[in-house]
Amino acid sequence: MSELRTGALLLPPAFALLLLGAHFLRAALVPLTVACLGLLALLFVRTRWAWVSLQVALVILGSVALVTALAALALRTRTARDYFGSPR
């Protein structure tokens, strides 16, 4: 695989880890911010354990996004509209 293609494939996980680290930093959770930076460094470690560790961390992040999306969908129900007095 070319270096350009590899870099393009590693860009979304890097961005996701940076974003997660930024959220932790904003909440003053410095140890978790450092953990995200450590995970970011694992993008340059070409071993199976690094690959699995990154996947586990990103799946956790994905599950948070899924729960958030489901919560937003719950607010689009008729019951939520009635509760908030939103026009139909």
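Side notes on the structure shown:
- Rounded tilt (10° steps) of 30-41 against the dominant C-alpha axis of the chain: 50
- The label-point distance for Ala71 and Phe15, in a model that sets each label 7 Å from Cα toward Cβ, rounds to 2.3 nm.
- Local electrostatic count, Ala74, Cβ distance below 15 Å [Lys/Arg +1, Asp/Glu -1]: +2
- Between the listed residues Trp51, Thr79, Ser2, the Cα displaced farthest toward the positive end of the dipole of the chain, a dipole computed from Cβ unit charges relative to the Cα centre, is found at Thr79.
- Here the mean projected area of the convex hull built on the C-alpha positions of the range 30-88 is 6.1 nm².
- Highest-fluctuation residue, Leu40, Leu58, Leu29 considered, GNM on the chain with Cα pairs under 10 Å: Leu29
Taken together, the values in this text are just the output of simple stated rules run on the coordinates, not laboratory data. As the structure is a prediction and not an experimental result, all values here were calculated from the model. Here the Cβ is made from the backbone with ideal geometry for all residues, glycine too, and neighbour counts use every protein chain on show.
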